[in-house]
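K.L.:
Here it is, the structure, as structure tokens.
The values are calculated or read from the model by the stated rules, or taken from the named source; none is laboratory data. Given the structure is predicted, the values throughout are model-derived calculations rather than measurements. Cβ atoms come from the backbone with ideal geometry, glycine included; neighbour counts cover every protein chain shown. Just the protein is used for accessible areas: all its heavy atoms, side chains included, with ligands, DNA and RNA removed. Shrake-Rupley method; radii C 1.70, N 1.55, O 1.52, S 1.80 Å.
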Amino acid sequence: MFAVVKILKDEKSLIKRIHHVFKKPLPMLERINVSGESFFYYLEIYRKQIEDNPAVIRELLGSCADRVLFCGEKAEASAYFKRIRAEGFLQTALINTAQELLKSRCADNSRLKLCFIDKKGEYSEYLPALSQYAGEITVVTDEPSAYSEICDRLYDEFGLSVIIGKSAGKLSSYDFTISPQFNLYKLFNNTVIIKNPSTGLLDVFRGHELKIPDNVKAVAPQGVNKLEFVYALYKYCRIENLGKLVFADFKAIDSVK
């Protein structure tokens, strides 16, 4: 489980401030069900209550204080809670989107030349699924050992010989290039590059917004970061289908030679 916290601004009305002196408002803690047995906690609390007792979030949320998202205005860093970071989620969404594009191709995929750029060897688990859409695959990585077992299995089961190297060479050599990471040269930062047979150019595709299911949108607290919220549901509530999300706004942003 995890928790979403909304920090309420302290009342400016004199009457309400006087009322709070005599009757302090209580934090509102609610359990919100998502699907099946999955749920998260939603906490509303005034900033003054946190300032008066810095440990109050930990006291209210227990172990969930180690997995917190904030709505809108955020609390200062504290030893009493930890924020959730959606690490690697956009990278996974790019691979998912690329796979959907490969599925939709009308051409004979057995002739397709695919390049998969994974310098740190973090995404080898996706290679078997991608391999069914290409006749020739090159993996660009600085960690070839991360791919050795999977490549052996693909060769034994399907006779597919994957080329492993540290450089992609000329991108025009490939029909389809998938580069999920963000810390590479601008052209390769979380992009799919597709050779356009009509123009001879390489079209660079990128997305930003995920295609989030309606049932998830319905329970997302107002002001929460949607990407972090979906990641938290996937990571801590084990809603597995959220790990297969694709981009809703995936489009060509550039064309290069």
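K.L.:
Here is a check on your reading of the model: is Ile239 touching a Leu at 6+ places or on another chain (Cβ under 7 Å) and over 25 Å from Leu114 (Cβ atoms)?
P.N.:
yes
K.L.:
Hey, another quick one. From the residues in segment 235-256 that are among the aromatic types (Phe, Trp, Tyr) and over 13 Å from the mean Cα position of the chain (by Cα), which one is least open to solvent (accessible area, probe 1.4 Å)?
P.N.:
Ranking the candidates gives Phe250 first.
K.L.:
Only one of Ile193, Ile178 is of a type in the set (Val, Ile, Thr) and touching a Phe, Trp or Tyr at 6+ places or on another chain (Cβ under 6 Å); which?
P.N.:
Every option except Ile178 fails the conditions.
One line per residue, one yes/no per condition, for (1) more than 30 Å from Pro213 (Cβ to Cβ); (2) modelled with pLDDT of 95 or more; (3) hydrophobic (A, V, I, L, M, F, W, C); (4) open to solvent by less than 50 Å² (accessible area, probe 1.4 Å):
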{"residue": "Ile7", "(1), (2), (3), (4)": "no, no, yes, yes"}
{"residue": "Tyr41", "(1), (2), (3), (4)": "no, yes, no, no"}
{"residue": "Lys48", "(1), (2), (3), (4)": "yes, no, no, no"}
{"residue": "Leu60", "(1), (2), (3), (4)": "no, yes, yes, no"}
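K.L.:
Moving on. Out of the residues in segment 99-123 meeting the condition of being open to solvent by 20 Å² or more (accessible area, probe 1.4 Å) and part of a helix (DSSP H, G or I), tell me which one is modelled with the lowest pLDDT.
P.N.:
Restricting to residues being open to solvent by 20 Å² or more (accessible area, probe 1.4 Å) and part of a helix (DSSP H, G or I), the top hit is Asn109.
K.L.:
If you scan segment 221-257, which residues turn out to be polar (S, T, N, Q) and either closer than 12 Å to Ala93 by Cβ or touching a residue at least 60 places away in the same chain (Cβ under 8 Å) (or both)?
P.N.:
Matches in segment 221-257: Gln222, Asn225.
K.L.:
Name the single residue that is modelled with the highest pLDDT among those in segment 14-39 being open to solvent by less than 50 Å² (accessible area, probe 1.4 Å) and farther than 30 Å from Asn215 by Cα.
P.N.:
Here the residue is Pro25.
K.L.:
Here is a further query. Scan segment 173-188 and tell me whether some residue there is under 24 Å from Lys244 (Cα atoms) and open to solvent by 50 Å² or more (accessible area, probe 1.4 Å).
P.N.:
yes
K.L.:
Considering only segment 172-186, state which residues are of a type outside the set (Lys, Arg), under 26 Å from the mean Cα position of the chain (by Cα) and not in a strand (DSSP E or B).
P.N.:
Of everything in segment 172-186, those that are of a type outside the set (Lys, Arg), under 26 Å from the mean Cα position of the chain (by Cα) and not in a strand (DSSP E or B) turn out to be Asp175, Pro180, Gln181, Phe182, Asn183, Leu184, Tyr185.
K.L.:
If you don't mind, there's one more thing I want to ask. From the list Tyr126, Tyr147, Tyr155, which residue is in a helix (DSSP H, G or I), farther than 17 Å from Tyr231 by Cβ and out of contact with any helix residue (DSSP H, G or I) (no Cβ under 8 Å at 6 or more places or on another chain)?
P.N.:
Going through Tyr126, Tyr147, Tyr155 in turn, just one is in a helix (DSSP H, G or I), farther than 17 Å from Tyr231 by Cβ and out of contact with any helix residue (DSSP H, G or I) (no Cβ under 8 Å at 6 or more places or on another chain): Tyr155.
K.L.:
Is there any pair linking a residue in segment 128-142 that is among the charged types (D, E, K, R) and open to solvent by less than 10 Å² (accessible area, probe 1.4 Å) to one that is part of a loop (DSSP other than H, G, I, E, B) and modelled with pLDDT under 95, with Cβ under 9 Å and at least six apart or on different chains, and which?
P.N.:
Hits for this filter: zero, empty list.
K.L.:
Considering segment 189-220 alone, what residues qualify as being open to solvent by less than 80 Å² (accessible area, probe 1.4 Å) and either in a strand (DSSP E or B) or among the charged types (D, E, K, R) (or both)?
P.N.:
Within segment 189-220, Thr191, Val192, Ile193, Ile194, Lys195, Leu202, Asp203, Val204, Phe205, Arg206, Leu210 qualify.
K.L.:
Sticking with this structure for a sec: Does Ser145 satisfy being within 26 Å of the chain's Cα centre (by Cα), open to solvent by 30 Å² or more (accessible area, probe 1.4 Å) and touching a residue at least 12 places away in the same chain (Cβ under 8 Å)?
P.N.:
So Ser145 passes the test.
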